[in-house]
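**Q** My structure is below; once you've seen it, I'll send some questions.
Here, each number is a calculation from the coordinates, and none is a lab measurement. Quick caveat: nothing in here was measured; it's all calculated off a predicted structure. For neighbour counting, all protein chains shown are included, and Cβ atoms are generated from backbone atoms with ideal geometry for every residue, glycine included.
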Amino acid sequence: MKIAMGSDHAGFDLKTALAEHARALGHEVDDLGAYDRAPSDYPDFSEKVGLAVANANADRGILICGSGIGASVAANKIVGVRAGNVTDTYSGHQGVEHDQMNVLVLGSRVVGVELAKEIVRAFLGAEFSGEERHVRRLAKVAAIEQRQLTQR
């Protein structure tokens, strides 16, 4: 699976560790920045990762900022992105299985490295269930997006 990864300065160290972890699990990683700890802005990386996923240049995305909240908010502004700020392994796989989450967001100041690795493993190992109730709910989410696009 091809994974687009990005972080701001606060998430740089965790992103580096998780990129190595994802590669060890057999995934291809496209690191979209930040490339160092210099102060940077999470919306820039959220947009890059979100667009990579929305445009099918990556199968899934992983974003990291200090809390995970800002990166999640920004990524969810991109049509087709379903980003979730996750702090546990259950949500890491359930978000994919039920909600077709395609961007995992982590807070580097909230989740430690080892737990983050477990969450990434759960996220990357999960598949959408395709159950009728989940398909129905996702169609409603898509309809909300469509209404927003046409009302502008």
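**Q** Residue 7's amide H: which non-local residues (gap 5+, or another chain) put their own amide H closer than 5 Å, with H modeled 1.01 Å from N in plane and none for Pro or chain starts?
**A** The list, which skips near neighbours in sequence, is 33, 34, 64.
**Q** Another question, then. What does the extension gain come out to for residue 114 and residue 24, with contour length at 0.36 nm per residue minus their alpha carbon separation? Could the numbers behind the result be given before it?
**A** Details: separation 90, 0.36 × 90 = 32.40 nm, distance 1.43 nm.
Full extension of this stretch gives 31.0 nm more.
**Q** Shifting gears a bit: To make sure I understand, if each residue's beta carbon is the centre and we count other beta carbons within 10 Å, what order do 120, 135 fall in, fewest to most? Provide the component values of the computation, followed by the final result.
**A** Numbers: 120 25, 135 12.
Going from least to most buried by this count: 135, 120.
**Q** Using alpha carbons only, what's the Rg to Rh ratio of segment 1-102 with Rh from Kirkwood? Before the final figure, lay out each step's value.
**A** Values: Rg = 12.3 Å, Rh = 13.3 Å.
My calculation of the ratio gives 0.93.
**Q** Angle check, please: helix 113-125 long axis (alpha carbons) against the longest principal axis of the chain (alpha carbons), in degrees 0 to 90, nearest 10.
**A** 40 degrees
**Q** I would also like to ask the following. Can you tell me how much longer the chain between residue 57 and residue 142 gets when fully stretched, taken as 0.36 nm per residue apart minus their C-alpha distance, in nm with one decimal?
**A** Taking residue 57 through residue 142 to full extension adds about 28.6 nm, to one decimal.
**Q** Right, something else. Between 0 and 90 degrees, rounded to the nearest ten: what's the tilt of helix 42-54 against the longest Cα principal axis of the chain?
**A** Helix 42-54 sits roughly 50 degrees off the main axis of the chain.
**Q** Another question, then. Largest first and to the nearest Å, give the Cα extent of segment 47-105 along each principal axis.
**A** Principal extents (largest minus smallest coordinate, Cα): 27, 25, 15 Å.
**Q** Obtain the nm distance between the two label points defined at residue 1 and residue 149 by a simple spin-label model: each point lies 7 Å from its Cα along the Cα-to-C-beta direction.
**A** A separation of 2.4 nm, rounded to one decimal place.
**Q** Find the Cα radius of gyration of segment 84-152, compare it with 2.2 N^0.38 Å by division, and give the number to two decimals. Numbers along the way, then the final one.
**A** Details: Rg = 14.2 Å, N = 69, 2.2 N^0.38 = 11.0 Å.
Relative to the 2.2 N^0.38 Å estimate, segment 84-152 comes out at 1.30.
**Q** Let me ask something else. Going by how many other Cβ atoms sit within 10 Å of their own, how do 144, 78, 119 line up, fewest first? Kindly include the intermediate steps, with their values, before the conclusion.
**A** Values: 144 9, 78 20, 119 23.
Fewest to most other Cβ atoms nearby, the residues stand as 144, 78, 119.
**Q** Specify the angular offset, from 0 to 90 degrees and rounded to the nearest 10, of the alpha carbon long axis of helix 12-24 from the longest principal axis of the alpha carbons in the chain.
**A** With both axes taken from Cα atoms, the answer is about 70 degrees.
**Q** Which whole-number percentage describes the relative contact order of the chain, with Cα contacts under 8 Å and a sequence gap of 6 or more? Write out the running numbers ahead of the final one.
**A** Numbers: 299 pairs, mean separation 34.1, N = 152.
Worked out over the chain, it gives 22 percent.
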